[in-house]
Structure formats: structure tokens, C-alpha cells
Amino acid sequence: MALYSEKVMDHFRNPRNLGVIEDADGIGEVGNAKCGDIMKMYLKIKGGVIEDVKFETFGCASAIASSSMATELIKGQPVSEAMQLTNKAVAEALDGLPDYKLHCSVLAEEAIKSAIEDYESKKKQNI
Ligand code: FES
């Protein structure tokens with residue numbers, strides 16, 4: 001069996017939602033100290049729904065594919081749904097990741113949660 005599924009290779013070669021949102025409502029940046037990979041998520045939120053999401057990932061193929069898939073999974077979803085996204089769901093949507101690459105999908109979950117937390121805290125400051 002190939003190391004990576006076709007879906008992982010597809011999202012690695014043609015990442016969806018790659019880039020920056022200049023006027024993002026929430027930004028999350030996380031990293032993994034062991035491998036040194038870094039992931040940044042930008043969210044545009046309107047009426048409690050994720051209207052747009054973009055990412056920048058400085059990391060391995062699995063990290064790039066995980067970020068790309070995670071953005072697809074949360075785009076158009078309510079913030080409360082996006083908050084529930086697990087790394088397991090990201091890995092499953094990619095038709096699996098090798099065990100030792102599962103931490104790459106954890107980065108995607110953490111980056112989204114961190115961006116949502118940033119959005120929530122900015123919202124509180126504006127009240
Ligand atoms: Fe660390 Fe992929 S090897 S995120």
C-alpha cells in the first residue's frame with residue numbers, strides 16, 4: 001500500500017484555501033516543537049458562520065494536506081460546528097494518515113481552535 005492516500009496527495013499537490021485573509025476576524029498559529037512544523041489559520045466570520053478560511057503551513061505533506069482538508073470541512077459551517085472538528089475527522093476525510101503522521105492532523109484541529117478562540121476574545125473586547 002502506498003504511504004499516502006490519493007486524497008492526501010491531491011490536497012498536498014493542490015491545496016485548497018491556501019493563503020492569507022488580510023482582514024481576518026480570527027487568526028490561529030500553532031506549531032509542533034518536535035518536527036518544527038508551523039500552521040496558521042485565518043477565519044472570516046459573519047453571523048456566527050465561517051464565510052472564508054485560509055491557511056499557511058510550513059510543514060510536511062501531511063500537514064499541508066490536513067490543513068487543506070480541514071479548511072474544506074469548516075468552510076460555510078457555524079463556528080460551534082467548526083469548534084467540534086477533530087483531528088480524527090480530518091484524517092478520516094483524507095482516507096487515513098500513517099500512524100506516525102497523525103500529529104500533523106492534530107495541528108489542523110489546534111490551529112482552527114486557536115483561530116476561533118482569537119475571534120471569540122476579539123469579540124468580547126468589542127462589547
Ligand atoms: Fe510534524 Fe507533519 S511531521 S506536522
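The values are calculated or read from the model by the stated rules, or taken from the named source; none is laboratory data. What you see is a predicted model; the values in this text were computed from it and never measured. No Cβ is skipped: glycine too gets one built from the backbone with ideal geometry, and neighbour counts run over all protein chains shown.
Numerical summary
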item: Flag for K101 being more than 18 Å from E117 (Cβ to Cβ) and under 12 Å from the mean Cα position of the chain (by Cα); result: no
item: Restricting the range 25-52 to residues that are of a type in the set (A, V, I, L, M) and without any contact (Cβ under 8 Å) to a residue 60 or more places away in the chain, the residue that is surrounded by the fewest Cβ atoms within 10 Å (Cβ to Cβ); result: A33
item: Inter-residue pairs, beta-carbon under 8 Å, first basic (K, R) and in the range 60-77, second within 13 Å of the ligand (Cβ to nearest atom) and not in a helix (DSSP H, G or I), 6+ apart; result: none
item: Residues located in the range 89-112, provided they are at negative phi and more than 16 Å from the ligand (Cβ to nearest atom); result: A89, E92, A93
item: Test for V8: is it within 13 Å of the ligand (Cβ to nearest atom) and at pLDDT 95 or above; result: yes
item: Output for the range 52-95, where each listed residue is outside any strand (DSSP E or B) and of a type in the set (K, R); result: K75, K88
item: Test set (1) closer than 14 Å to I116 by Cβ; (2) touching a residue at least 24 places away in the same chain (Cβ under 8 Å) - L18 fails condition number; result: (1)
item: Residue in the range 69-81 that is closer than 15 Å to K101 by Cβ, of a type outside the set (V, I, T), within 13 Å of the chain's Cα centre (by Cα) and surrounded by 19 or more Cβ atoms within 10 Å (Cβ to Cβ) present; result: yes
item: Any hit, the range 75-82, residues being over 16 Å from S5 (Cα atoms), of a type outside the set (V, I, T) and within 16 Å of the ligand (Cβ to nearest atom); result: no
item: Test: residue in the range 21-29 that is within 16 Å of the ligand (Cβ to nearest atom) and in contact with a strand residue (DSSP E or B) (Cβ under 6 Å, 6 or more places away or on another chain); result: yes
